[in-house]
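Please read the structure below before turning to the comments.
The values are calculated or read from the model by the stated rules, or taken from the named source; none is laboratory data. What you see is a predicted model; the values in this text were computed from it and never measured. Positions of Cβ are backbone-derived with ideal geometry, glycine not excepted, and every protein chain shown enters the neighbour counts.
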Amino acid sequence: MTNDNGRSFGRHLLIVGLGTLIATTVISFFAETLVRQLAQFGVALFLLVLIIIANVGFDVIGTAAAVSREAPFHAKAAKKVFGAQHSVYLVKNRDKVANFTQDVIGDIAGIIAGALGISLIVQVALLHPGVEGIVFNVLITAFIASIVVTGKAYGKRIAVEKAEGIVFMVGKVLAGTEKLRFWRLEPGDHNRKSR
């Protein structure tokens, strides 16, 4: 049993490593292309805000899954409450959920935020040639990092206080997307439901 768990965890690490490498390569290329294409300061700023919100939001989900207990969701699942089974799955796989939401998504969001920050810096430098490039670069980078870290700190507090509600909400979203046949949580789920 231990060897099976070790192999399963090793496979998970390999998938996470390769998946992150591929995703980061593709998204970095996309971000660099985006930086060159974005000619409007407002669009770049709007996308940056969206990326920061997504980064903080996924961090909240990972933290909530990590601190939640299974028991309340098992009770709901026994009553066949919509989304409860998916919530159990999230809590049972809390380490993978936290790794994906906080590390994989967080790192990718960080890359995109950095690229958008560069876009903002370039656009301001073009509009105001007199602005000191290095100083402005440092200020924008520090501001983005400060907003992300502060947002995550506040998000973690909410995640700890309302962990079960957050996990249940995500469980319902996952159940809804699965019901629409976008994906499957576990192989064979639909076959059991259709009987």
Original post:
Has segment 35-53 got at least one residue that is among the polar types (S, T, N, Q) and at pLDDT below 90?
Top reply: yes
**OP:** Identify all residues within segment 155-164 that are in contact (Cβ under 8 Å) with a residue 12 or more places away in the chain and of a type outside the set (Lys, Arg); write none if there are none.
**Re:** GLY155, ILE158, ALA159, VAL160, ALA163, GLU164
Original post:
Looking at segment 140-187, which of the residues that are modelled with pLDDT of 90 or more and of a type in the set (Asp, Glu) is surrounded by the fewest Cβ atoms within 10 Å (Cβ to Cβ)?
Top reply: GLU161
Original post:
Could you list, in sequence order, the residues of segment 55-107 that are among the basic types (Lys, Arg) and either in contact with a Pro (Cβ under 8 Å, 6 or more places away or on another chain) or under 16 Å from VAL16 (Cβ atoms) (or both)?
Top reply: ARG94, LYS96
Subject >> Residue selected from segment 140-154 under the condition free of Cβ contacts under 8 Å to residues at least 24 places away in the same chain and either more than 29 Å from ARG69 (Cβ to Cβ) or outside any helix (DSSP H, G or I) (or both), by the criterion nearest to the chain's Cα centre (by Cα) >> reply: ALA145
